[in-house]
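The structure appears right after this line, and notes come after that.
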Amino acid sequence: MIPRGNTHALLIARSFHSYKPCFRVIIRGKRQRSKTKQQGKAQEDYTQLLDNGKVSEVTVNSSIKSAKDIESINKDFLHRTKGLEPNIELKQLSQIKEEFQQRYRDRYIKPSETWYTNSWRSLAKPKISSHNLINSNIQLDAQLKFSNPLEFQPVQLMERPLNVGDLVLLKVRPNELAMCVSLPSSTMDPRYTFVAIDGTMCFATKNRILLRIPHRLPVGVNSLIQPEERYGHLPIGTIKNFSNQTNILPIAARQIITSRYPAHISKLAWRDLPFTTKKLQLLHRSLQDYRGPWQIPFFTLVGLVQRLDLNEALDDKYGATYLANLLDTHQTADNVPISSATFVSTYWAIMQQQESNFWGEIHLNTALLSPISVTVIPLKSRHLYYEQVVGKLEADDYNEINRFVKLVNERKYRDISTLYPSVIQMLKDFAAGNFHNNGIIVTLVSKIFRKIERYKDCDITRDICQDLINEILPNSMSNPLLLNMDLALPASSKLVRSQQKLYDLTNIEDLQRKNSDNSSERYDFGDLKVFCIDSETAHEIDDGVSIENHGTDGLYTLHIHIADPASMFPESTNYDSEGIITDILNVALERSFTTYLPDVVVPMLPKSICNLSDLGKQGQRTKTISFSVDVKVMSKGDGESLEIMFDSFKIRKGIVSNFPKVTYDDVDRILNTPNDEASPVKKDLESLSMVSNLLRDRRIKKNNAVIFGEGFNKGLVTLNANEEGELTEISFSDQVETLSAVLVSEMMILANTLTGKYFADNKICGVFRCYKQLPLDIIAQEQYDSMITSTKKGLFPQLKDIVKLSSLLNSSFYTGRPFRHEMIGAKQYLTVTSPLRRFPDLINHLQIHRHLQKKPLCFSQVQIDRLIWPIQSRADILKRAGRNSSTYWTLNYLKKIEEVRPRKDLRCNDNSGAAEWVC
């Protein structure tokens, strides 16, 4: 109720605070006989509330003079109207103002005060009075040691995994940056908490992140999210796990920390987007290769966008020369600052241009949670080609599509293959996953299938697209994923086919003659037994192990012998050169790894080089890089332990020739054979097995290594040839951990760990493998630590445990810095044991060659940092391709069973996790 002049006004308001109030004036007097007479007696002037919450004066002419009469009127009105509308409560305005201000204090001011006082404990923080916390325009001082996210260096993504303070783009909000404000709370809830610019809170797992910008909060900020206190008001916070508990982000925390940089960077990125789009169009013309798609490191592309001057690039006379010089001189390394706004705008611009077939997939690394490469699509064979195809299919109200569908419904497949090769190619690309964010192509494919009688009621998937292709072309490739342009197999790329020709024409004798080293510089291991333990179907045999038992005090010398293909290339001996100068190695870099899929294997190096470098040919003197170390087995009251004599570690160029032929199955059979029937090599194999088990025990107990137990690699897909020799018969196998598998893996881990330490100690640049555990909230961290504790007790996590913890596990990645590999339990981990299959190992071997000869290294730190991105990109592509291919063949297997036995259902065995068919 508001007194104004000589009249009081009553305010009717709904019980919730957002209702817009209105005034009513109640006048007691004689009953007026007509509205005209009543209006003549009293003229009322109503006003509205001002924006600032104050009420302007209301002038009411009334015959009522006494304040006592007015109070009586009010009480009588409130009494008579009480309960008429349950959702409406009549209050005096003074009461409403007081309650509103109290709610504002409870909901906004108090949480901000609490956060600023208790959750930000720093003497360097700005001095602000509590009533000025909200809407304060403060500047953060450098003494707070916060990072400025307006620019960053790519290596920062490797130094620190996702943490509170990082800025991200999310799949649910891809058009603006958000900030990570809270970590996963448990295995049951692996979601992070993110806050948008407007303060909206959302929850998502890390696989929903599209892009990450590293950022540290100001020093002393312990938390940003708070449980909402209950003051008797309706809650305004956000529910996460429990319906009776809401969480809030204090207004002061949002204004000072969580919205400042995301809003600023997003605004700059949107401002720059038109210019970035134009720059990418110009760059694409120079980057594209007419022979086929290829991947460019994402940070290289961002660096080019940063440096490109549109005025110079668009110059009619010198623009082409300027672009060519820019591409020739620009080199990206980890110490080059990246503008965050350009980083974001480049991502957005590529997403837009994917519909025009300029760019392929943006490859995201799951450890760094950042784009690390993007596929550059050929201009003529993709962009211009599909421009013409789309125009033709859309013409005359989709007349060509109608004619194509008519032929499909009539099953005139020969006519289709003759008249519509462009439509077949579009369907193949769709099935292979070669279109990204391309709504036009999706629309055309949908129109086709909606008009085909047998498919019109089906969901439009890549699977039914392949079914249609198989109908039209019965002899086509059975696995459409092999045509994926990111996988880059000869079947899908002219560029790869030309590279394969180079491999096929490799003159191995010429390489040997030009790059033969002096055998006298190599250590000859003589008749020392070298066990090359591998499967019968191994494509490359690039490692072997030996042991020498010194017979006293439990002292042994371990030797890990690795194939030496690096010695065939001039990079290992041409001391005046730096980096890669050989065409074969440039192709090997693009492949980066041997491609292993259920239906195809593509070696990283030419087969001729692999055959010559392979170990395991009995009596043939074979070159190696050999890693040797002494270990001592010590007896203790509770068993045996192992001491590694680090000072004895040696890396040598070697010669080996004595290769007892053994496979994994052979070793397991020998180790389980009674002594009276033992093989001549059993003693050495028993010693190797004993030492390998002690090495594993040492890694677990001393270095907190995590070992996965049974069931981790189940249902591995294998393809067998049918009667026509085609790999279409599907079978499944489980990878079982045996004594032989532990023996080989522990010896390789030992070599990689010791070499990582050797490189770090001697300041040799190399390609390291790293794993950083994700920061977790208290309960989640306790659950992860429980897994470590169980592992130390010999209780390795089973499949069901891994499934629960998988969302809290990070991924390993390649880096040019000697970071720790926490999963393996190594302070540094540098892979050297598979140079025939992994390009990082081959790089490290070239560094070893130069180092052992005391010559300048083949690669500088800047060059190593530059090589990391294409290597990691290829590793991610092959990992995803392997997973997708296994899924494809598994679903094909289930589909065939369903066709044969349609009345059966697939059910998972709760105990083993295995799938079984039941009636």
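The values are calculated or read from the model by the stated rules, or taken from the named source; none is laboratory data. The structure presented is a predicted model; accordingly, all values stated were derived computationally and were not measured. Every residue, glycine as well, gets a Cβ built from its backbone with ideal geometry; the counts of neighbours run over all protein chains shown.
What the table shows:
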quantity	calculated
Residue within segment 395-414 that is within 27 Å of Gly292 (Cβ to Cβ) and not assigned by TED's automatic domain parsing to the domain that holds Val601 present	no
Count of segment 170-195 residues which are modelled with pLDDT of 95 or more and crowded, with 21+ Cβ neighbours inside 10 Å	9
Criterion: closer than 21 Å to Leu487 by Cβ and of a type in the set (Phe, Trp, Tyr) - qualifying residue of Tyr322, Tyr318, Tyr385	Tyr385
Qualifying residues in segment 260-308 (those that are small (Gly, Ala, Ser) and surrounded by fewer than 21 Cβ atoms within 10 Å (Cβ to Cβ)) - the one nearest to Val344 (Cα to Cα)	Ala263
Residue check, Leu211 assigned to a strand (DSSP E or B), modelled with pLDDT of 90 or more, among the hydrophobic types (A, V, I, L, M, F, W, C) and buried (at least 18 other Cβ atoms within 10 Å of the Cβ)	yes
Given (1) part of a helix (DSSP H, G or I); (2) closer than 23 Å to Gly551 by Cβ, index of the condition Arg696 fails	(2)
Residue in segment 794-816 that is surrounded by 23 or more Cβ atoms within 10 Å (Cβ to Cβ), within 28 Å of Asn693 (Cβ to Cβ) and not acidic (Asp, Glu) present	no
Which listed residue, of Ala705, Ala780, Ala751, Ala741, is modelled with pLDDT under 95, surrounded by 20 or more Cβ atoms within 10 Å (Cβ to Cβ) and in a helix (DSSP H, G or I)	Ala780
Residues located in segment 800-852, provided they are without any contact (Cβ under 8 Å) to a residue 24 or more places away in the chain and either part of a loop (DSSP other than H, G, I, E, B) or polar (S, T, N, Q) (or both)	Ser806
Meets criteria (out of contact with any strand residue (DSSP E or B) (no Cβ under 8 Å at 6 or more places or on another chain), aromatic (Phe, Trp, Tyr), assigned to a helix (DSSP H, G or I) and surrounded by 14 or more Cβ atoms within 10 Å (Cβ to Cβ)) for Phe449	yes
Residue that is closer than 24 Å to Ile864 by Cβ and not aliphatic (A, V, I, L, M), where the choices are Lys827, Lys792, Lys800	Lys827
Filter result (over 35 Å from the mean Cα position of the chain (by Cα) and not aliphatic (A, V, I, L, M)) within segment 539-560	Ser546, Glu548, Asn549, His550, Gly551, Thr552, Asp553, Gly554, Tyr556, Thr557, His559
Members of segment 665-688 found to be assigned to a helix (DSSP H, G or I) and either in contact with a Cys (Cβ under 8 Å, 6 or more places away or on another chain) or surrounded by fewer than 18 Cβ atoms within 10 Å (Cβ to Cβ) (or both), listed by number	Asp665, Arg669, Asn675, Asp676, Glu677, Lys682, Lys683, Glu686, Ser687
Among the candidates Asp397, Asp415, residue that is surrounded by fewer than 21 Cβ atoms within 10 Å (Cβ to Cβ), outside any loop (DSSP other than H, G, I, E, B) and in contact with a helix residue (DSSP H, G or I) (Cβ under 6 Å, 6 or more places away or on another chain)	Asp415
Residue match in segment 211-226 (condition: of a type outside the set (S, T, N, Q) and free of Cβ contacts under 8 Å to residues at least 24 places away in the same chain)	no
Qualifying residue in segment 97-104 (condition: surrounded by fewer than 14 Cβ atoms within 10 Å (Cβ to Cβ), among the acidic types (Asp, Glu) and at pLDDT 85 or above)	yes
Subset tally (residues that are surrounded by 13 or more Cβ atoms within 10 Å (Cβ to Cβ) and either under 21 Å from Thr595 (Cα atoms) or modelled with pLDDT under 90 (or both)) for segment 464-490	15
Residue that is surrounded by the most Cβ atoms within 10 Å (Cβ to Cβ), among those in segment 339-385 that are touching a Lys or Arg at 6+ places or on another chain (Cβ under 6 Å) and closer than 17 Å to Ile296 by Cα	Asn357
Among residues of segment 828-870, those that are polar (S, T, N, Q) and surrounded by fewer than 20 Cβ atoms within 10 Å (Cβ to Cβ), counted	4
Flag if Ser692 is closer than 22 Å to Leu739 by Cα, assigned by TED's automatic domain parsing to the domain that holds Gly544 and crowded, with 19+ Cβ neighbours inside 10 Å	yes
Scan of segment 328-383 for residues that are free of Cβ contacts under 8 Å to residues at least 40 places away in the same chain and at positive phi, ordered by number	none
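So that you can scan it fast, the table gives a plain yes or no per residue for (1) among the polar types (S, T, N, Q); (2) assigned by TED's automatic domain parsing to the domain that holds Val155; (3) within 20 Å of the chain's Cα centre (by Cα):
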site: Pro297; (1), (2), (3): no, no, yes
site: Gln306; (1), (2), (3): yes, no, no
site: Asn311; (1), (2), (3): yes, no, no
site: Thr321; (1), (2), (3): yes, no, no
site: Ile338; (1), (2), (3): no, no, yes
site: Thr342; (1), (2), (3): yes, no, no
site: Leu364; (1), (2), (3): no, no, yes
site: Tyr385; (1), (2), (3): no, no, no
